[in-house]
Amino acid sequence: MKKGDNIVFFSGKKLNQSLVNFVFKVIPLALALTFTVSVQAELILEKKRPNVIIIYTDDQGSIDMNAYGATDLVTPHMDSLAKDGIRFTQFYSAAPVCSPSRAAMLSGKTPQRAGVPGNVSSMEGVPGMPTEQVLMPEIFKRAGYRTAHIGKWHLGYTPETMPNGQGFDESYGHMGGCIDNYSHFFYWNGPNRHDLWRNGSEIWEDGQYFPQRMAEEARSFMEKNGDQPFFMYWAINLPHYPMQGISKWREVYRDLPEPRRQYAAFVSTMDEMIGSLLGAVDDLGLRENTIVVFQSDHGHSTEVRGFSGGGSAGGLRGAKFSLFEGGIRVPALIRWPGHIPAGEVRDQFTVSVDWYPTLAELCGIDLDQMNLKLDGKSIVSVLNSAEACTPHETFHWQSGGGNNNPQWAVRNGSWKLIGNPIDTSAPGGWGRPGKFFLVNLAEDPNETTDVSEMHPNRLRQMVQMHSNWIDSLE
């Protein structure tokens, strides 16, 4: 096309200038309107996408809520999630200790593949989760979600590995493993160091009760972002030590024996804060379009800092740090009103790494082209049916002990083998380095008896499975 002073030649023909002006004005306007409508359609689609809240508790025992069988605790808000959603009976953390558990859930990979096989340092300046890992908040952020971390992090203490460097738009909480809930100083060993941060900058809130502040921050985030889809990871640091339940609950449990008394008060304090969050969801009109996931990071602690116990795995053997069931089988719930069944139970074998692909599928986020190589499997079919098959015929764990003598486990169907087993629920602790513990969970769910000598072929087969898995990590 050639343009003269007053005449345009188009396909060899002269066009009147007024017609040209009309064309040059109308076509761009039409294109602009088309683009605007397209963008608006995408925004409408985004608004229809559900919000996601992950409530990740810390050191909560396998049965420590009424919905899981506790009769001496007051936990109405956690129980409401079970009543209005799905409760899992064979849900496992991918690790029996803090950092690797969190890394696995957020990455959808076993801790070994995620690059966090053990606890990350609580010292400022020390990195943690490798930045090349694509975490859940990153895929949600790419899909148009606002993302928030609230609470405990424990996955790195450098700008690149703190929450804002790992896909979170907003972050409020502590970077190390535990803090005093009033002074917000690291609760482990000296030298004393303060640990409270907002978006990568240290802040001071002397004397303010951290569990209450987390609930307030969660409400504030939802108030600011309720008009668009959001992803919130609330890594609540309860009932991890120091056990600082509020006076109301200390009074309720005054007649319980120690150490259950201190633990119970902290669990009910946690439940009250969870109730505050769920109440905010309702107040803001977000209930019907918000998926709420609940899970403990691993089993209860028997460490001296936590009064040497207080939590319960019921009849299950093991606790935090142990690959017996009480260390890795955890309470887990999911609620999405009108979209998944309510008041139902799922007995299928499922793992924390499954939340990643499951939530992506529920929110319409396509992972197929991302080449993420997840260990997690979508459990949408399990949510929809109690008869669906478990997505995992086999799953592997490895924890502690260094490179030469780590504790490890493999579950294959109902069979489970632990290598170098540790039982932290036993008085004084119990360990068998260089030994095996084989059990059929369908016959012995409390893992009372090692049957490895009775099933030598099964033992050899599962040892080989674990060896093959280790080779696959290299």
Suppose we keep only residues that are under 32 Å from the mean Cα position of the chain (by Cα) and in contact (Cβ under 8 Å) with a residue 40 or more places away in the chain within segment 441-460. Which one would you say is farthest from residue 113 (Cα to Cα)? 448
Could you list, ordered by first residue, the pairs with Cβ atoms under 7 Å in which the first is in segment 345-364 and in the same structural domain as residue 108 (by TED's automatic domain parsing) and the second is part of a strand (DSSP E or B) and polar (S, T, N, Q), at least 6 apart or interchain? 352/295
Please name all residue pairs, on different chains or six or more residues apart, with Cβ atoms under 7 Å, provided the first residue is in segment 214-235 and is modelled with pLDDT of 95 or more and the second residue is surrounded by fewer than 18 Cβ atoms within 10 Å (Cβ to Cβ) and hydrophobic (A, V, I, L, M, F, W, C). 222/284; 222/286; 223/284
Hey, could you check segment 112-127 for residues that are assigned to a helix (DSSP H, G or I) and in contact (Cβ under 8 Å) with a residue 60 or more places away in the chain and say which is surrounded by the fewest Cβ atoms within 10 Å (Cβ to Cβ)? 113
Quick one: is residue 233 buried (at least 17 other Cβ atoms within 10 Å of the Cβ), hydroxyl-bearing (Ser, Thr, Tyr) and assigned by TED's automatic domain parsing to the domain that holds residue 297? yes
Evaluate the following for residue 316: is it aliphatic (A, V, I, L, M), in a loop (DSSP other than H, G, I, E, B), surrounded by fewer than 24 Cβ atoms within 10 Å (Cβ to Cβ) and touching a residue at least 24 places away in the same chain (Cβ under 8 Å)? yes
Looking at segment 139-165, I want the residues that are assigned by TED's automatic domain parsing to the domain that holds residue 100 and at pLDDT below 95 and have a partner that is surrounded by 23 or more Cβ atoms within 10 Å (Cβ to Cβ) and assigned to a loop (DSSP other than H, G, I, E, B) with Cβ atoms under 7 Å, at least 6 apart or on another chain. Which pairs are those? none
Here is a check on your reading of the model: is residue 299 buried (at least 21 other Cβ atoms within 10 Å of the Cβ) and either of a type in the set (S, T, N, Q) or part of a loop (DSSP other than H, G, I, E, B) (or both)? yes
Assess whether residue 80 counts as being buried (at least 24 other Cβ atoms within 10 Å of the Cβ) and not in a loop (DSSP other than H, G, I, E, B). no
Let me spell it out: the conditions are (1) modelled with pLDDT of 95 or more; (2) in a loop (DSSP other than H, G, I, E, B); (3) touching a helix residue (DSSP H, G or I) at 6+ places or on another chain (Cβ under 8 Å), and residue 453 meets all of them except one. Which number is the exception? (3)
Could you go through segment 181-197 and let me know if any residue there is assigned to a loop (DSSP other than H, G, I, E, B), on the phi > 0 side of the Ramachandran plot and either in contact with a His (Cβ under 9 Å, 6 or more places away or on another chain) or of a type in the set (A, V, I, L, M, F, W, C) (or both). yes
Determine which member of the set 326, 311 is in contact with a helix residue (DSSP H, G or I) (Cβ under 7 Å, 6 or more places away or on another chain), modelled with pLDDT of 95 or more and either surrounded by 24 or more Cβ atoms within 10 Å (Cβ to Cβ) or closer than 15 Å to residue 430 by Cα (or both). 311
Does residue 443 meet the test of being touching a Phe, Trp or Tyr at 6+ places or on another chain (Cβ under 7 Å), in a loop (DSSP other than H, G, I, E, B) and within 22 Å of residue 349 (Cα to Cα)? no
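The values are calculated or read from the model by the stated rules, or taken from the named source; none is laboratory data. Not measured: the values here are computed from a predicted model. With ideal geometry, Cβ positions are generated from the backbone for all residues, glycine too; neighbour counts draw on all protein chains shown.
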